[in-house]
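Worksheet: the structure to be examined is printed underneath.
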Amino acid sequence: MAFRILFHLSLLLLHLLLAPRGINANFEGDALYALRRAVKDPDNVLQSWDPTLVDPCTWFHVTCDGDNRVTRLDLGNAKLSGNLVPELGRLARLQYLELYMNNLGGAIPAELGGLKSLISLDLYHNNLTGPIPASLSDLSALRFLRLNGNRLTGRIPRQLTKLGNLKILDVSNNDLCGTIPSTGPFSKFGEESFANNPRLEGPELVGFVRYDVGSCN
Ligand SMILES: *[C@@H]1O[C@H](CO)[C@@H](O)[C@H](O)[C@H]1NC(C)=O
């Protein structure tokens, strides 16, 4: 009897020790694998992305920290087409999301606002459509936001003025409209950050909220 209890207790202990780590690691691998399934990859740059491994840390173009959590995704210039996936927003320790110079289409998932550690969001030179999600204003660590060279529409969300660490913003070469926020980090961005958006109306007036009434979407 005592042996049985001891046996069950040690099984329980083994579960408690092993399960959280396994679940966590698979969770991030699954999020990345959702991206693999959503894109076309003619050069097979994602060939090493094997979802049966315990974590994605040995996959090419993925970098992890000492706890085997994903910190970087480096897939610039990789000839990927297809869509971004909301699952990417689960990578809570991701610092660098580098997907520039591909041919990704569709919208920027609002879920990317869940990337609490993100320092750099580089989606420039793709074929992305739809608005800049206001949820990107939750990325409090963000320093580099480059969305230039897409087909983004709608207003620049005023909430982005909350991004106190933002050093570089580039939303040029899109189809944005409305006025340009001018407070917070926006006070230091030059015109080149906003160039070639024919429907963008210029900076809002400081000290005055200008409510746009014209159509802009
Ligand atoms: C961009 O996406 C549209 C569909 O939304 C497609 O028709 C067009 O061919 C794409 N552009 C490029 C360069 O692939």
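The requirement of being of a type in the set (Val, Ile, Thr) and at pLDDT below 95 is not satisfied by Val171. With respect to the stated conditions, Arg158 fails to be closer than 22 Å to Val85 by Cβ and among the charged types (D, E, K, R).
Search segment 106-147 for residues being under 21 Å from Cys216 (Cα atoms) and outside any loop (DSSP other than H, G, I, E, B), and hand back the single one that is nearest to the ligand (Cβ to nearest atom).
As a first pass, look at segment 106-147 and keep what is under 21 Å from Cys216 (Cα atoms): 106-110, 127-137, 147.
If we keep only those that are outside any loop (DSSP other than H, G, I, E, B) as well, we get 110, 129-130, 134-137.
Numbers: Ala110: 19, Thr129: 6, Gly130: 10, Ala134: 23, Ser135: 22, Leu136: 21, Ser137: 26 Å.
Here the residue is Thr129.
Sort through Asp175, Asp170 and tell me the only one that's more than 16 Å from the ligand (Cβ to nearest atom) and either within 11 Å of the chain's Cα centre (by Cα) or more than 20 Å from Val62 (Cα to Cα) (or both).
Of Asp175, Asp170, the one residue that is more than 16 Å from the ligand (Cβ to nearest atom) and either within 11 Å of the chain's Cα centre (by Cα) or more than 20 Å from Val62 (Cα to Cα) (or both) is Asp170.
Lys79 passes every criterion in (1) part of a loop (DSSP other than H, G, I, E, B); (2) away from the ligand (no atom under 16 Å from the Cβ); (3) of a type in the set (D, E, K, R) apart from (2). For segment 190-210, check the following and say yes or no: at least one residue is at pLDDT below 95, surrounded by fewer than 21 Cβ atoms within 10 Å (Cβ to Cβ), farther than 21 Å from Leu35 by Cβ and aromatic (Phe, Trp, Tyr). Checking segment 190-210: at least one residue is at pLDDT below 95, surrounded by fewer than 21 Cβ atoms within 10 Å (Cβ to Cβ), farther than 21 Å from Leu35 by Cβ and aromatic (Phe, Trp, Tyr).
The values are calculated or read from the model by the stated rules, or taken from the named source; none is laboratory data. A quick note: this is a predicted structure, and the numbers were derived from the prediction, not measured. For neighbour counting, all protein chains shown are included, and Cβ atoms are generated from backbone atoms with ideal geometry for every residue, glycine included.
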